[in-house]
Amino acid sequence: MDFEPFKGGKFVDSKLGPIPEGWSIGKVNDVVQILSGFAFKSETFVQSGPYRLITIKGVQDGYLDISGASYISKVPLKMPAYCNLEIGDILLSLTGNVGRVCIVDRPNLLLNQRVAKLQPRRDKQDLLFVYILFRQDTFKNHLLQIARGTA
């Protein structure tokens with residue numbers, strides 16, 4: 001493994017070989033939860049309103065596109081609180097172009113089905129690591145293989 005920035009640092013043994021001291025080996029699920037969006041009913045869509053729905057189309061590779069996002073006027077009672085997005089949240093496309101990620105950059109957005117929010121398990125700073133990880137071509141290819149059932 002290549003730990004270029006840590007070459008002069010202290011290393012410890014792990015099941016994968018030497019790793020920088022303080023690092024650990026685990027799964028993505030150890031760092032973040034993948035929370036699926038809510039199934040909004042199309043009859044709640046309005047011409048204009050205070051909330052926009054983020055669908056699979058809005059999650060582009062590295063940016064959020066709300067140009068075609070539908071509006072709703074009020075949040076459904078059964079919608080989980082995490083579906084009310086905050087600036088800085090990281091979103092992941094679950095179908096179609098699987099594995100695209102983007103960062104929420106505006107308020108009053110709601111998470112629709114087929115899109116997931118990556119929720120840190122411990123520290124919000126873990127999101128920086130996760131965003132960079134999910135943007136790597138090798139990781140995106142792994143997600144595609146999982147989605148196709150070939151991994």
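Coordinate-derived values only; no laboratory data. Everything numeric here is computed off the predicted structure, so don't read it as measured data. We place every Cβ from the backbone using ideal geometry, glycine too, and count neighbours over all the protein chains shown.
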remark   = Taking 36, 93, 67 and counting other beta carbon atoms within 10 angstrom, the fewest-first order is 67, 36, 93
query = Dipole magnitude of the stretch 50-111 about its Cα centre, charges +1 at Lys/Arg Cβ and -1 at Asp/Glu Cβ only, in debye to the nearest 20?
reply = 260 debye
task = Enumerate the lysines that residue 117 could reach by cross-link, defined here as Cα to Cα under 24 Å, with residues fewer than 8 away along the same chain left out.
result = 27, 41, 57, 74, 78, 140
request  = Mind ranking 19-27, 124-132 by how tightly packed they are, going by the mean number of other C-beta atoms within 10 angstrom, highest first?
outcome  = 124-132, 19-27
remark   = Taking R0 as 41 Å and r as the Cβ-Cβ distance between residue 48 and residue 131, the FRET efficiency 1/(1 + (r/R0)^6), rounded to the nearest 0.05, comes to 0.85
note = To the nearest 20 debye, the chain has a Cα-centred charge dipole, built from +1 on Lys and Arg Cβ and -1 on Asp and Glu Cβ, of 480 debye
remark   = Listing 52, 122 by rising number of other beta-carbon atoms within 10 angstrom, fewest first, gives 122, 52
remark   = Expected sort for 42, 14 with the fewest Cβ neighbours (10 Å cutoff) up front is 42, 14
ask   = What's the Cα-based Rg to Rh of the stretch 27-148, Rh via Kirkwood?
value = 0.96
task = Please work out the FRET efficiency for the pair residue 74 and residue 113, using the Cβ-Cβ distance as r and a Förster radius of 25 Å; give the result to the nearest 0.05.
result = 0.85
